[in-house]
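The numbers here are math on the coordinates, done by the rules we state, and not lab data. If you're wondering where the values come from, they're calculated on a predicted model, not measured in any experiment. Don't worry about glycine lacking a Cβ; one is built from the backbone with ideal geometry, like all the others, and counts go over all protein chains shown.
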Amino acid sequence: MSSHVLENFLKENLEDLKGKGLYNEIDTLESANGPVIKINGKELINLSSNNYLGLATDKRLIEACNEATKTYGVGAGAVRTINGTLKVHIELEEKLAKFKHTEAAIAYQSGFNCNMAAISAVMDKNDAILSDELNHASIIDGCRLSKAKIIRFNHSDMDDLRAKAKEATESGLYNKVMVITDGVFSMDGDIAKLPEIVKIAEEFDLITYVDDAHGSGVLGKGAGTVKHFGLSDKVDFQIGTLSKAIGVVGGYVAGKQDLIDWLKVRSRPFLFSTSLTPGAAAACIEAIDILSNSTELQEKLWENADYLKQGLKDIGFDIGNSETPITPVIIGDEVKTQKFSKRLNEEGVYAKSIVFPTVPRGTGRVRNMPTAAHTKEMLDQAISTYKKVGKELGII
Ligand code: PMP
C-alpha cells in the first residue's frame, strides 16, 4: 500500500502546478538532437540544443564510441576507486588537462555531478562562498551541499563582489573563502568578468571556481572562457561539461595536480558512483582531438550565431546583450513569450520559451542556440518564421 501522505502531497502539488500553467510538458524526439529534429512526426529547425558544434552526431565520435564499446563493453562496471577506472578514463583526463592548459583533470559522470562533487570536497561549514546570483542550479546545489555560508553577489557586479569579499575575509569568521561563477551565463549569453574577479581574488586570497559549461568549445579557441582571458594559471577550479560543445555526456574539473589528487580521494560522486561509460569517454577523447587540431567548427558556430543575431536584429527584435552564440529574443510578458514559442513551433521552428522563475519577471524570452551544424538556409527559414510570428503577435 502506498503512503496517503505522499499521494496527497503529489496530487495537490501537481494540480497546483497544472492550474498555474507551470507544469512542463516534455517533448519526445524521434530523431537525433541535430539542427533539424522530429517531434510527433514533424520536422522542425532546432534552436534549442546545447550541441554547439554538432559533435553529438559526428561520425568520428560515433566510431570512437563503437570501438571502445566493443573493447570495454557498455558499462564501466564499478566506481573509479574500485576497478571502474579504464584506460579511456585516464586518457580522457590527460587530454582534458592539456586542452585546458592545467596540470591535471578529473572526469565525472555529468557537469551537474561535478559541481556537487567538487565544491563540497573542498568547502565546509567553516568556510564562505561568494556566488554570482545568476549561477547555474548545479552550482547552487553544490554550494548548499558543502554547508559553507553562501553569500550571493549581484550579477557580475564587481563593486558588490569586492565589498562582500572584504567583509567575509576581514570578519575572521571563515577559514576559506571561495568566489564562484559561471564562465558564460546561459540565459543572456554574457561572459563573466574574469579578469576583475581574479584581481579581487588575488587581493583577498579567495579560491577561484569557474563553471565554463557554455564557454568550453566556444570561447578561447575552444579551451574556454578562462583561456579566452589568458587566466589559465590563475583560476583554481575550471569546471566543464562534456555534454554541450563536446557533444557527449560527463563533466570535469581541470586544475593543479594536488587539487585533482584531493578530489580523487574526497569527492563523493567519484568514490561512490559508477564511472562514465567507456563509449562516452572514448567519444569525448575524439571530440577533444578534433577541437585541439582545428578551429573550423568554432568558426562555423560563430559565423552562424552572428548571422542569426544580425537577422533577428534587422527585423526589429530585442536580442539583449549576448556576447556568445546564445541568442535570446526578449519578449517580456510571460504569456506572450510562451505563445510566441508555441507559434514558432507550429510554423516549424523549435525554440523554447524561458520565463519566471528561470529569468526575472517581465523578461520572458525565447532562447535560440545556433550551432555549427545549421545551414544558412535553415537560419534564413528560422528568421523568416520569426518575422511572420513577430508581426502576427505585434512584437515587431
Ligand atoms: N553548469 C552549467 C553552468 C550548466 O549550464 C549546466 C547544464 N545545464 C551544467 C552545469 C550541468 O551540466 P550537465 O548537463 O553536463 O550535467
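Descriptive notes on the structure:
- Just checking the listed ones, 71, 225, 324: in the Gaussian network model of the chain with Cα springs under 10 Å, the one fluctuating most is 71.
- Inter-site label distance for residue 133 and residue 294 at 7 Å from Cα along Cβ, in nm: 4.5 nm
- Residue-span extension gain [residue 31 to residue 346] - 0.36 nm each, minus C-alpha spacing: 111.6 nm
- Pair residue 42, residue 160: separation of 7 Å Cα→Cβ label points (nm): 4.1 nm
- Translational diffusion coefficient (Stokes-Einstein; Kirkwood radius from C-alpha pairs) of the range 173-317 at 4 °C, 1.567 mPa s, in µm²/s: 76 µm²/s
- The Rg/Rh ratio for the range 57-195, using Cα coordinates for both the radius of gyration and the Kirkwood hydrodynamic radius, is 1.07.
- Given R0 = 45 Å, the distance between the Cβ atoms of residue 63 and residue 18 translates into a calculated FRET efficiency of 0.50.
- Globularity ratio of the chain, using Cα Rg and 2.2 N^0.38 Å: 1.02
- Ellipsoid equivalent to the range 186-240 - semi-axes via the Cα gyration tensor, in Å: 19, 12, 10
- For the range 1-93, the extents of the C-alpha atoms along the principal axes are 50, 42, 23 Å, listed from largest to smallest.
- Those GluC sites (Glu not before Pro) in the range 3-84 that DSSP places in a loop and that have at most 16 other beta carbons within 10 Å: 25, 30
- Kirkwood Rh and Cα Rg combined as Rg over Rh, evaluated for the range 270-328: 1.23
- Listed residue pairs exceeding 20 Å between alpha carbons, taken from 59/244; 193/300; 166/193; 42/352; 300/352: 193/300; 300/352
- Remark: the range 113-248 is approximated by an ellipsoid whose semi-axes, taken from the C-alpha gyration tensor as √(5λ), come to 23, 16, 13 Å, largest first.
- Binned Cα-Cα distances of the range 235-307, short to long, each 10 Å bin given as a whole percent: 16, 38, 33, 11, 2
- In the range 122-181, the trypsin sites (Lys or Arg not before Pro) that fall in loop regions by DSSP, at most 12 other Cβ within 10 Å: 125
- Measuring nothing but alpha carbons in the range 259-396 and taking Rh as the Kirkwood radius, the Rg to Rh ratio lands at 1.12.
- Each label point was placed 7 Å from the Cα along the Cα-to-Cβ direction; for residue 90 and residue 234 their separation is 3.5 nm.
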